[in-house]
Amino acid sequence: MMDKRTLALFAGCILFGILPMFINPYWTDVLNNVGLYTILALSLNIILGHAGLFHMGHAAFYAVGAYTTAILNTQYGVPVMYTMPLAGLLAGIFALIVARPIIHLRGDYLLIVTIGIVEIVRIALVNDIFGLTGGANGIFGIARPSMFGFKIKKPEHFFYLIWGFCLLTIFFMHRLENSRFGRALNYIKEDDVAAEGSGIDTAYYKLIAFVLGAFWAGMTGTIFAAKMTIISPESFSFWESVVLFTIVILGGMGSIRGVLVGAFLIIGLPELFRELAMWRMLVFGLAMILMMIFRTQGLIPPPPRKYDVLAYLKDAIKPSAASAEGGAR
Amino acid sequence: MKKLIHALLLGLVLSLMLSGISWADTIKIGVQAPLTGKYASEGQDMKNIVDILAEKVNAAGGVNGKKVEIIAEDDAFDPKTAALAAQRLTTSGVVAVIGTYGSAITEAAQGIYDEAEVIQIATGSTMVRLTEKGMKYFFRTCPRDDAQGAAAASIIKSFGSKRIAILHDNSSYSKGLAEETKALLDPSTIVFYDALTPGEQDYTTILTKVKGSNPDLLYFPGYYNEAGLLLRQKMEMKWNVPMLGGDATNNADLVKIAGVEAAKGFMFVGPPGVNDLDDPATKEFLATYKARFNVMPASIWSVFAGDAFNVIIEAVKQTGSTEPEKIAEYFHKGLKDYPSLTGTISFDAKGDRAGKFYRLSKVNEKGEFILQ
Amino acid sequence: MEEFFQQLTNGLAVGGIYALIALGYTMVYGVLKLINFAHGDLFTIGAFLGLTLLTSLGLTDHLGAFAGVVVLAAMVIVLVGLIGFLLERTAYRPLRNSPRLSAVVSALGASIFFQNAVMLIWGARPLVYPHNILPKTIVSIFGMDVPLVRIIMLGTSLVLMYALYYLTHKTKIGAAIRAAAIDQGAAKLMGIDVNRVIALVFCIGPALGGAAGVMVGLYYGQISFTMGWLYGLKAFTAAILGGIGNIPGAMVGGLLLGVIESLGAAYISIAWKDAISFLVLILILIIRPTGLLGERVADKV
């Protein structure tokens, strides 16, 4: 039977799921934003949290996805949900092209290059590159998504779309963490050189991390574009990358729960602080500093992986028992 | 300890959520503006102006026997935050919303207001397509790029300029105005067209490049900060080409930044600026503003917010109701030449401000703006 | 050709300012391995403090232009240095033993805090420095008109940079700074009070940034609470370009970035100027991953 914790988690999810019926559309929309940022932060988590790559340019991948959807939908009439995989794909390809030459850069150099990338993308968008992006005015008139004939329009509808996708993302990330790929990334994060020495092709894995993270961010861009119905370069600035970066670090690098809590705080707090009007961001900046000082590992850091050595040895002595090596906790 | 923290957090959240509850039975008017972020000075001015006007109305007994309450929400010049601000305002029971500044930001909120059937009067959004969507609750008290562009183009033509250099700052407003003006000029007369980066301060490189194309007029439909810097650095280069700006260059600080000597001869096209409004009510209002905040409003955009407030109050008064339906109808049909801060206001069928009100002004050797 | 040299000079003048600000980034990074995102905002604070001091104390009225500016710069240097010291104490020291990225987030928080503090204290709209302090003479060099002030600005930047170089390479305290930059643990074992060294670095670096702020205010005239962001990013780019942690690198990086920007704007496109700068940066880093002059810290194997 399910233990108490899983039961509580389940109950919590159900309660969360019926929230939109009780709270007003504004708070639902806040939760929608939290959801979107959670998905984005989880996609960044692969790159930053697991692989330990200093990436502050994630908004660029998000932008590629959102603009792909916007252009395909407004210029070619492709229904929004069909553009989603394409948006992800294009973002992934973009990441491949862009990350390939810089993948071997160290730490802070990679950081500034990723900042440069996101700025270049933003400038390209503002300058109406290829005449497609609408410049500073962006693209408008993006259609609403429809699933199985149901048109998703109001914040309540988007709530289920976004959080449904979020659940999917969490599931996927959880599987990724416990896979060979996830473990390789963590090894690379801890010690790049040793990992290479152990036979892991670090450049390859890092690149895959980028592409995967970008792919996911691209798809999220689709949802964003459909929800806002207009997109403009402002939404994809370096500042957005900073927000995502902060969510991952604050939440605890590599921890799914941490990212979730981080998103709630970073997105929710400025909304709660609205009463403070002009003081809103000042207090927020202070809150950021304090949060890092008091929980430097992040709010919910990933638990260290535990390998039950004794059980492993027992299994090795009794080869009949078929069990995988411990289990990451 | 953990429990205490949890309790405190919960208490904080609840109190903040509940503090949004305000007095019943007031007329609530929303202001959506960039109170923080890069354009905070515009947004804060907007709020200040509306606040002063609201106080005056309340001091005189309110409207239809009720007091006016202003609910201001920050959109930080960001589309996402704007959408959230709009959601918040539409669930706060406002009659109408004044704002915002920035066309893309206004557009992000537009759909939400339209769906919620709340009146929106944009005050700093000149992009043409905002009023081309047939939204009956959307209006604006600021001009539109094509109307302004036409005014600028005809003035440029009247100068007889043969080699025109156009610089903009890639913002929605500036580029929009530049494009509209350019479209109406003879293509063979345009020798330079590019964008500078606002927020930087060194424009010598750009000016050197423009100088290389040998123009006889420099048109800069951008903001007064950059215009001031351009004038100053242009003078340092000993370059005397005449310069023409758009309405956002109309600000007394322009002369402060450029220095009286560099600013002399600078011209701009636009609706009357804060300083040339002769209406006594306007002058009185400006005096009150100056007394409280020690400066004049930074630009014309925030004054358009004051206009928006005035017409909303007038509409509520005349229709005796706060139904958006009735107010929208009044705006379209009833409001004619209502005297307000920047001149007389009427709205056309699309919700745009009707009437021509662009004038050319020039800076004299004392640094004053003189209407031509 | 004349235009080329004119643009080159334009670029060098701006580059001097980038270099000054970059020095602050690079010093802090060298010792703490921290990218102080709040550095650009310290530059802004310097500019605003300078204006307030200048107008309220009437320095140039009483002391004359030259002495007034020097005194003003000195005051701002001391004040911003103090703020830098306090910043390190409150926001970074508690994170000394934490993962690096935690300090980065704290730095970002500090940046937001400072920027909004400036907005709330001095108001959201741009302020203007008085005009008549700096000389307006324009000198003619090789047929180009260069305002004397630009030359003075570049000269001052170079002097300050040399002073810093002298400090770090020819004095005992400088040796201590460099030792702490190479290996904090070993430096402690050698008897160096690393805490004091770090505090000192956080006084000097931000102080230079503050001085740059005053220079920018005096020369360009206009200051706004958001200007730190753009200058900070460019200065950071310049520091990386030259090799982060490397003081001469910051100098070279700053000047080079100014020139690249200028020539990029002049010969390719003004609207794409910043994108071009970043592109050049990326290209240089691909070829030389540790920046032009390389890092001062040994890479572990």
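The values are calculated or read from the model by the stated rules, or taken from the named source; none is laboratory data. All values derive from a computational prediction rather than experimental measurement. Quick reminder, even Gly has a Cβ in these numbers, built from the backbone with ideal geometry, and neighbours come from all protein chains shown.
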Which condition from (1) surrounded by fewer than 24 Cβ atoms within 10 Å (Cβ to Cβ); (2) in contact with a helix residue (DSSP H, G or I) (Cβ under 7 Å, 6 or more places away or on another chain); (3) within 7 Å of another protein chain (Cβ to nearest Cβ); (4) in contact (Cβ under 8 Å) with a residue 12 or more places away in the chain is the one that B:Glu180 breaks? (3)
Hey, among C:Val252, C:Val280, which residue is surrounded by fewer than 20 Cβ atoms within 10 Å (Cβ to Cβ) and either part of a helix (DSSP H, G or I) or of a type in the set (S, T, N, Q) (or both)? C:Val280
Quick one: would you say A:Glu156 is charged (D, E, K, R), closer than 27 Å to B:Ala116 by Cα and in a helix (DSSP H, G or I)? yes
From B:Val57, B:Val50, grab the single residue that is in contact (Cβ under 8 Å) with a residue 60 or more places away in the chain, farther than 20 Å from A:Leu276 by Cβ and more than 12 Å from every other protein chain (Cβ to nearest Cβ). B:Val57
Have a look at C:Ile151, C:Ile173 and point out the one that is exposed (fewer than 15 other Cβ atoms within 10 Å of the Cβ) and either of a type in the set (S, T, N, Q) or assigned to a helix (DSSP H, G or I) (or both). C:Ile173
Counting only helices (runs of 4 or more DSSP H) entirely within segment C:1-81, those with at least 3 residues that are in contact with a Gly (Cβ under 9 Å, 6 or more places away or on another chain) and free of Cβ contacts under 8 Å to residues at least 40 places away in the same chain are C:59-63
Just to be sure, is A:Leu48 in contact with a Ser or Thr (Cβ under 9 Å, 6 or more places away or on another chain), of a type in the set (A, V, I, L, M) and either at pLDDT 90 or above or surrounded by 12 or more Cβ atoms within 10 Å (Cβ to Cβ) (or both)? no
Go over the candidates C:Tyr231, C:Tyr219 one by one and state the one that is within 14 Å of chain B (Cβ to nearest Cβ), in contact (Cβ under 8 Å) with a residue 12 or more places away in the chain and in contact with a Pro (Cβ under 9 Å, 6 or more places away or on another chain). C:Tyr219
Given C:Val118, C:Val105, which one is within 14 Å of chain A (Cβ to nearest Cβ), without any contact (Cβ under 8 Å) to a residue 12 or more places away in the chain and either assigned to a helix (DSSP H, G or I) or of a type in the set (A, V, I, L, M, F, W, C) (or both)? C:Val105
When only residues in segment B:183-199 that are of a type outside the set (Gly, Ala, Ser), within 18 Å of B:Met243 (Cβ to Cβ) and within 11 Å of another protein chain (Cβ to nearest Cβ) count, which is surrounded by the most Cβ atoms within 10 Å (Cβ to Cβ)? B:Leu196
Having 1 or more residues that are within 30 Å of B:Thr322 (Cα to Cα) is the bar; report the strands (runs of 3 or more DSSP E) wholly within segment B:131-216 that clear it. B:138-140
Yes or no: segment C:284-293 includes at least one residue that is under 19 Å from the mean Cα position of the chain (by Cα), within 12 Å of chain A (Cβ to nearest Cβ) and free of Cβ contacts under 8 Å to residues at least 24 places away in the same chain. no
Within segment B:109-131, which residues are in contact with a Ser or Thr (Cβ under 8 Å, 6 or more places away or on another chain) and of a type in the set (A, V, I, L, M, F, W, C)? B:Ala109, B:Ile112, B:Ala116, B:Val118, B:Ile121, B:Ala122, B:Met127, B:Leu130
Does C:Ala212 satisfy the criteria of being more than 15 Å from C:Tyr129 (Cβ to Cβ), within 14 Å of chain B (Cβ to nearest Cβ) and at pLDDT 90 or above? no
Do we have B:Ala151 as outside the structural domain of B:Ile27 (by TED's automatic domain parsing) and of a type outside the set (Val, Ile, Thr) here? yes
Within segment B:209-230, the residues that are hydroxyl-bearing (Ser, Thr, Tyr) and modelled with pLDDT of 90 or more are B:Ser213, B:Tyr219
Among the candidates C:Gly68, C:Gly40, C:Gly24, residue that is of a type in the set (Gly, Ala, Ser) and within 14 Å of chain B (Cβ to nearest Cβ): C:Gly40
Just need a number here: residues in segment A:109-134 that are facing another protein chain (nearest Cβ under 7 Å) and more than 26 Å from the chain's Cα centre (by Cα). 1
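To keep it simple, each residue is scored yes or no on (1) in a strand (DSSP E or B); (2) of a type outside the set (Asp, Glu); (3) assigned by TED's automatic domain parsing to the domain that holds B:Pro221.
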{"residue": "B:Glu69", "(1), (2), (3)": "yes, no, no"}
{"residue": "B:Phe77", "(1), (2), (3)": "no, yes, no"}
{"residue": "B:Leu84", "(1), (2), (3)": "no, yes, no"}
{"residue": "B:Leu89", "(1), (2), (3)": "no, yes, no"}
{"residue": "B:Ile105", "(1), (2), (3)": "no, yes, no"}
{"residue": "B:Tyr113", "(1), (2), (3)": "no, yes, no"}
{"residue": "B:Glu117", "(1), (2), (3)": "no, no, no"}
I need a count of the residues in segment B:73-87 that are free of Cβ contacts under 8 Å to residues at least 40 places away in the same chain and of a type in the set (D, E, K, R). 1
Among the residues of segment B:101-137, write down those that are within 11 Å of chain A (Cβ to nearest Cβ) and over 19 Å from A:Asn137 (Cα atoms). B:Glu115, B:Ala116
Specify which of the listed residues (C:Gly143, C:Gly68, C:Gly84, C:Gly123) is more than 17 Å from C:Gly217 (Cα to Cα) and crowded, with 16+ Cβ neighbours inside 10 Å. C:Gly84
Which one of the conditions (1) surrounded by fewer than 24 Cβ atoms within 10 Å (Cβ to Cβ); (2) at negative phi does A:Thr229 fail to meet, given that it meets all the rest? (2)
Residue among B:Val63, B:Val68, B:Val31 that is surrounded by 19 or more Cβ atoms within 10 Å (Cβ to Cβ), modelled with pLDDT of 90 or more, more than 30 Å from C:Trp122 (Cβ to Cβ) and in contact with a helix residue (DSSP H, G or I) (Cβ under 7 Å, 6 or more places away or on another chain): B:Val68
Show me the helices (runs of 4 or more DSSP H) found entirely inside segment A:175-292 where at least 2 residues are more than 30 Å from B:Gly43 (Cα to Cα), aromatic (Phe, Trp, Tyr) and more than 8 Å from every other protein chain (Cβ to nearest Cβ). A:180-190, A:202-228
So in segment B:288-336, with the set limited to residues that are within 20 Å of the chain's Cα centre (by Cα) and outside any helix (DSSP H, G or I), which one is farthest from B:Ile98 (Cα to Cα)? B:Val295
Provide a single number: the residues in segment B:139-157 that are crowded, with 23+ Cβ neighbours inside 10 Å and away from chain A (no Cβ under 14 Å). 9
